[in-house]
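What follows is a short report on a single structure.
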Amino acid sequence: MFSREVKERLREYETPFYLYDLGLLRATLEGALREADRYGYLLHYALKANNDPRILSLISSYGLGADCVSGNEVRRAVETGFRPEHIVYAGVGKKDKEILYALEKGIFAFNCESKNELAVIDDLAGRMGVVADVALRINPGIDPHTHKYITTGKAENKFGIAFSEIEEVVDMSGDLQNLNIMGLHFHIGSQITDMSVFGRLCSSVNAMYRWFVAEGFNITDVNVGGGLGVDYDDPDSNRIPDFENYFGVFAGGLDLPASVRVHFELGRSIVAQCGELISTVLFTKVSGEGRKIALIDASMTELLRPALYNSAHAIENLDGHGAPEEYMIGGTVCESSDIFARNLMIPAMKRGDLISIKTAGAYGASMASRYNLHDIPLSVFGDNGVLENV
Ligand code: LLP
């Protein structure tokens, strides 16, 4: 990413802040598009992973579509250059005003998750005098082998239409005069590193597609969601995810007519590695158990993932020298879960050292909160190792 000399300039900014490498983001997008293009797959970017306008504008300039889960995300996508006809609006709970806004904008499709939702969108579209294109989000009951808080396609999850309700959806579909059911949608979870999971998803997609076609539906689009995991342990060695293998699994596993358009909605794998959270060591001390603690000025309000999922991000002391010592690294918030690492081996930490928390471009800034009245962190941009002028 950035050289030490460049990192010296980082001291000119008030920490904590997010530092993004737009060169790496471009290389990642080019890698994803190259592999997706081999099979004619259509890529959408999931805004929830990172909704920074600068990042979104760059992503939209590559022609990706957008996967949005709120009216505000749809608005942000439109504002940052995504074409409405390339925007899908997913989300398990959509408010009427959000649905109306998306209908007004003429988005590509609503991914619908319940009979209730179908009836509401049908009603609202009817009142507006439009027909809404809809993909049915099916919950295929697949374990994605990831953290339990980020599984979405298991039978126990709140997402998607359960197998037990599919027939009822088909029965009611004749009454939905203002909906055009043209797609099937699946998204089974996030940070998936076991590729056999996607193989199982393909089998389920194939079966569902055949079933709906047999029921008389004209399914022109199949959206298989996102979920490709990234390397949190060794980000420097794996800066760009293995898109070749990922899309290859779908190319080998999907059995759909060539006329059916296949969509993906990737979030993490596009933006995770291009972002890091830069922070400063405030204090060091020793716990009652005699363990070294370093308190840094970032916390769960800037990067919630460690506190929420117990996730481990690689951490570097940009000013550290010498033999690694064991540290617990904590944030400033008054919560015992506000810990970035419990027993990290890292060169001695001292007040004023600059710290980088890696792989923070996805679900970092977008999950920031103002708890303890913290400020929302700034974004700083660099490009191919060169920092933008301050
Ligand atoms: N499509 C849908 C319907 C989704 O719910 C998600 C993510 C995506 C696409 C993008 O998935 P990705 O390619 O990023 O895996 N905050 C959590 C991740 C939550 C993911 C929620 N849904 C984390 O920090 O790990």
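Here are a few things to note about the model shown:
- Region 178-206: number of residues that are surrounded by fewer than 16 Cβ atoms within 10 Å (Cβ to Cβ) and either without any contact (Cβ under 8 Å) to a residue 24 or more places away in the chain or not in a loop (DSSP other than H, G, I, E, B) (or both): 5
- Residues within region 369-388 that are crowded, with 19+ Cβ neighbours inside 10 Å and under 24 Å from D338 (Cα atoms), tallied: 2
- The number of residues in region 336-383 being in a loop (DSSP other than H, G, I, E, B), among the polar types (S, T, N, Q) and farther than 22 Å from R268 by Cβ comes to 1.
- Contacts under 9 angstrom Cβ, first residue in region 218-231 being not assigned by TED's automatic domain parsing to the domain that holds V249, partner in a loop (DSSP other than H, G, I, E, B) and at pLDDT 95 or above, 6 or more apart: none
- Set R26, R11: member being in contact (Cβ under 8 Å) with a residue 40 or more places away in the chain, surrounded by fewer than 20 Cβ atoms within 10 Å (Cβ to Cβ) and part of a helix (DSSP H, G or I): R11
- Test: residue in region 50-67 that is more than 30 Å from D297 (Cβ to Cβ), in contact with a helix residue (DSSP H, G or I) (Cβ under 6 Å, 6 or more places away or on another chain), among the charged types (D, E, K, R) and outside any loop (DSSP other than H, G, I, E, B): no
- Strands (runs of 3 or more DSSP E) contained in region 225-302 and holding at least 1 residues within 16 Å of the ligand (Cβ to nearest atom): 261-266, 275-286
- With respect to the conditions (1) over 30 Å from Y363 (Cα atoms); (2) among the aliphatic types (A, V, I, L, M); (3) within 17 Å of the chain's Cα centre (by Cα), M182 falls short on a single one, namely (3).
- Only a single criterion out of (1) touching a helix residue (DSSP H, G or I) at 6+ places or on another chain (Cβ under 7 Å); (2) touching a residue at least 40 places away in the same chain (Cβ under 8 Å); (3) over 22 Å from D231 (Cβ atoms) is not satisfied by S337, namely (2).
- In region 303-315, the qualifying residues are those that are within 13 Å of the ligand (Cβ to nearest atom) and among the hydrophobic types (A, V, I, L, M, F, W, C), and the one that is nearest to M345 (Cα to Cα) is A312.
- Hits in region 40-72 (condition: of a type in the set (F, W, Y) and either touching a Leu at 6+ places or on another chain (Cβ under 9 Å) or within 15 Å of A90 (Cβ to Cβ) (or both)): Y45, Y62
The values are calculated or read from the model by the stated rules, or taken from the named source; none is laboratory data. Keep in mind that what you see is a predicted model, and the values were worked out from it rather than measured. In this analysis, Cβ positions are derived from the backbone assuming ideal geometry, glycine residues included, and neighbour counts consider all displayed protein chains.
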